[in-house]
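A short reminder: the numbers here are calculations on the coordinates, not readings from a lab. Predicted model, so just to flag it, every value in this text is computed and none were measured. Because the Cβ atoms are built from the backbone with ideal geometry, glycine has one as well, and the counts that use them run over all protein chains shown.
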Amino acid sequence: MNVKTEIGPIRPPSESHSLLLRFSRNCPWNKCLFCPVYKKEKFSLRPFNELKKEILFLSSLNKKIKNLLHSQSISELSLNLSKYFKYEEISDARRLLHWLYHGEYTVFIQDADPLFRKKEEIIELISLLKSEFPEIKRITSYARARTIKRFSISDLEQLRQSGLNRIHMGLESGSKEVLNFVCKGLEPSDIIEACEKLSVAHIETSLYVMPGLGGKEFSKLHVSETIKVINQSKPNFLRIRTLGLNPSMPLYQLYKEGKFLAPSEKEIVLEVKDIIEGITVAVKFYSDHNLNLLMEINGSLPEDRVKMLNKIEKFLNLDKEKMDLFILARRLNKVFDLSEFLAFEKDEYLQEVYEKIKFIPDEEKESLFLELRSQNL
Ligand code: SF4
């Protein structure tokens, strides 16, 4: 069977070990000013029969791999794929081997809004996936809140019974003003309603918030309204993904024209601190995107709140020079977190770069940090 499989451009960091299945291409909305991902690409649903063929094809490769693993290890097989698989099968065999190696047996459905299709089709595809890959432990998907709202609770329960466990949704901000400004195409109430429905249907929710998105102007509102929406939505997981800016985003143009003032690195950390302090519901909080400055701010709220805030205080207590040096080290990807930085022997290259920027005005320094962190987009 010759099948051309497809993989979309992005997945959440937490799905790095998942098998990726692209139910639809690109984003049906595609207007968010801060989003570079699908710009200039058209949304389309991948044909139902094509997806069924893709699942059966991947399943046949998976079965063959599992048979081969009776007589050799994963690393031996990874070196010998060309001996057993046709040229056009090798990349899929490799990602299945990667999937088996990690043994988490999770699947992530792409692209931005893959549930934007008939419920019956989604159920049939997920059911086929589960029967062909009995080892699957979790199936998750991105979705827009308005797409989730179209489903009744009974529809969502059927989706959960077929095997859909978790939905990742971009909240970005709980502020109506910020959402309108960045053309998110959502009201805060859409997210709240979608989360409520998913919760009743026992489907987990993972919300994404974007510190910095309100700019300097709406920073306070961005934070206070985001806290309100989180507390009303009660997501299972909350992930922060700091604003980055590059020329492929419409917001970048506004930034260049001085119509959007990006908060400084420290101001963004203060936003995160306020969000953590303001959350009153139980949620697992993750800082798992390299755009974030403090990658170590992870934990379950409310029990880990003090520990998380102490880590933020440690950063805020740095003197100006050390803070700038740490930000530079993070943005050059020299260190992963503050503890690593503090244990770091004096790095010559870092010192050399720092000497060059030490006396430039703070505003220019912040533009440089923003530029550097945006390379992680
Ligand atoms: S809805 Fe998501 S994928 Fe679509 S443009 Fe907005 S942020 Fe990007």
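Before moving on, here are some points about what is shown:
- Net charge dipole size for the chain [Lys, Arg +1 and Asp, Glu -1 on Cβ; Debye, nearest 20]: 1240 debye
- Kirkwood Rh in Å, taken over the chain so that all alpha-carbon pairs contribute: 22.4 Å
- Value of relative contact order over the range 1-142, rounded to a whole percent, pairs C-alpha under 8 Å and six or more apart: 37 percent
- Each of Ile55, Ile360 has some number of other Cβ atoms within 10 Å of its Cβ, and from fewest to most they run Ile360, Ile55.
- A simple charge model with +1 on the Cβ of Lys and Arg, -1 on the Cβ of Asp and Glu and nothing else charged puts the dipole of the range 240-361 at about 260 debye relative to its Cα centre.
- Between the range 320-377 and the range 251-280, the alpha-carbon center distance in angstrom: 18 Å
- DSSP finds beta bridges in the chain, and of those with both partners inside it, around 15 percent are antiparallel.
- Charge tally in the Cβ shell below 15 Å around Ser175, where Lys, Arg are +1 and Asp, Glu are -1, Ser175 excluded: -3
- Flagged links, alpha-carbon separation over 26 Å, of Lys184/Lys220; Lys39/Lys137; Lys228/Lys365; Lys334/Lys358; Lys184/Lys256: Lys39/Lys137; Lys228/Lys365
- q = 0.10 Å⁻¹: log10 I(q)/I(0) that the Debye formula gives for the range 91-223, counting C-alpha atoms only: -0.39
- Spatial offset of the range 43-72 relative to the range 152-176 amounts to 26 Å, using the alpha carbon center of each.
- Most mobile listed residue (Glu196, Glu217, Glu265) in the chain, GNM with C-alpha springs under 10 Å: Glu217
- Leu332, Leu207, Leu19 arranged by Cβ crowding within 10 Å, fewest neighbours leading: Leu332, Leu19, Leu207
- Remark: Lys220, Lys40, Lys197, Lys284 ranked as Lys40, Lys220, Lys284, Lys197, counting other beta-carbon atoms within 10 Å and listing the fewest first.
- Reciprocal of mean inverse Cα separation for the range 1-142 (Kirkwood radius, Å): 16.0 Å
- A simple charge model with +1 on the Cβ of Lys and Arg, -1 on the Cβ of Asp and Glu and nothing else charged puts the dipole of the range 1-142 at about 240 debye relative to its Cα centre.
- Inter-part distance where the range 198-244 and the range 108-145 are each reduced to a Cα centre, Å: 24 Å
- Distance (nanometres) between label positions extended 7 Å along Cα→Cβ at Lys220 and His17: 4.5 nm
- Each of Val335, Ile240, Ile360 was placed along the dipole of the chain (beta-carbon charges, centred on the mean Cα), and the one lying farthest toward the positive end is Ile240.
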